[in-house]
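So the structure is just underneath, and the comments pick up after that.
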Amino acid sequence: MQGAFWGIIVSAMATGIGAIPVLFLKQVSTRMKDVLLGYASGIMIAATTFSLIPEALDSSNLFILSLGLLLGTFVLNVIESRTSGLDLESRKFNTKIDKKTLIIIIAITLHNLPEGLSVGVSYGSGQENLGGIIALAIGLQNAPEGFLVGLYLLNQKIPKLKALLIATLTGAVEIITAAIGYFLASYVHGLVPYGLSFAAGAMLFVIYKELIPDSQEGEEEQFPTYSFVLGLISMLFLIQHFG
């Protein structure tokens, strides 16, 4: 029980840990932003296609995977269209977030819900070491996602500590679903592949629709392109050795 508790906490908080570098970034140039977005895109597409999708497929079938992918894409598409005319300015908190940043935050938060469920189910399954392996794999994916959220918020002139807090909260939702998964492992195990497929669809939408186009906005497109490939290779290395 204690091992599961700490595994769940560390996995969920990896999102906030990944956002810590934003505290030390004074100003992000256009070139640096493009390179970082390219790198994050490579990491996230590798995590989605070589970790989330295979895990969902191994525990279900192609029909369930396809259903989840399409549903995740559809939900993010609906969210994007519904927020197109939304006034995101908050006078109370003196904060203004654009639609693109809001989509990133929503997508990563939704993406983390089924990931937390999978961590909790893995710990509650009773299979030795399975929980720790899944928690490590999910944590490795969460860190660059947290940095990505922090980077977008920093670009919106959000104070660094507030950006770190928001990024951390997008990952903290995993604690709730992980606890549900742990205590109801025998009942919710069948829902995990649906959730992972949905998460993969949501992230593929964000990568294709937001991250990659944003990384190509500068004049020097070759740098973010190589950065994308390096990000993909980095995540493949982590998956091969720890996933």
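With the charge dipole of the chain set up from +1 on Lys and Arg Cβ and -1 on Asp and Glu Cβ about the Cα centre, the Cα lying farthest toward the positive end among the listed residues Thr49, Leu161, Asn77 is that of Leu161. For Ala19, the shell of other residues with beta-carbons less than 10 Å away shows a net charge of 0, using +1 for Lys and Arg and -1 for Asp and Glu.
Placing a label point 7 Å from the Cα of Ser234 along the Cα-to-Cβ direction, the residues of region 36-66 with a backbone N closer than 18 Å are 36-51. Packing around the peptides 62-69, 201-208, 31-38, taken as the average count of other Cβ atoms within 10 Å per residue, puts them in this order, highest first: 201-208, 31-38, 62-69.
Summary value for the chain: 46 percent relative contact order, contacts being C-alpha pairs under 8 angstrom separated by 6+ residues. Protection proxy ranking for 171-178, 220-227, using the average of other Cβ atoms within 10 Å per residue and placing the highest first: 171-178, 220-227. Summing charges over neighbours of Leu117, with a neighbour being any other residue whose Cβ is under 15 Å away from its Cβ, gives -3 when K and R count +1 and D and E count -1. At an R0 of 22 angstrom, the distance between the Cβ atoms of Val78 and Tyr208 translates into a FRET efficiency of 0.85.
Based on DSSP H segments of at least four residues, each scored -39500 (n - 2.57), the chain has a per-residue ellipticity at 222 nm of -25000 deg cm²/dmol. Loop-located trypsin sites (Lys or Arg not before Pro) in region 157-243 (DSSP state not H, G, I, E or B) with no more than 13 neighbouring Cβ atoms inside 10 Å: Lys157.
Excluding ligands, DNA and RNA, the accessible surface per residue across the chain is 50 Å² with a 1.4 Å probe. Close Lys pairs in region 1-242, defined as Cα atoms under 13 Å apart and 8 or more places apart or on different chains, number 6.
The values are calculated or read from the model by the stated rules, or taken from the named source; none is laboratory data. For clarity, every value in this text was computed on a predicted model and none was experimentally measured. So basically every Cβ, Gly included, is an ideal-geometry build from the backbone, and we count neighbours across all protein chains shown. Surface areas here come from the heavy atoms of the whole protein model, side chains and all, with no ligands, DNA or RNA. Shrake-Rupley method; radii C 1.70, N 1.55, O 1.52, S 1.80 Å.
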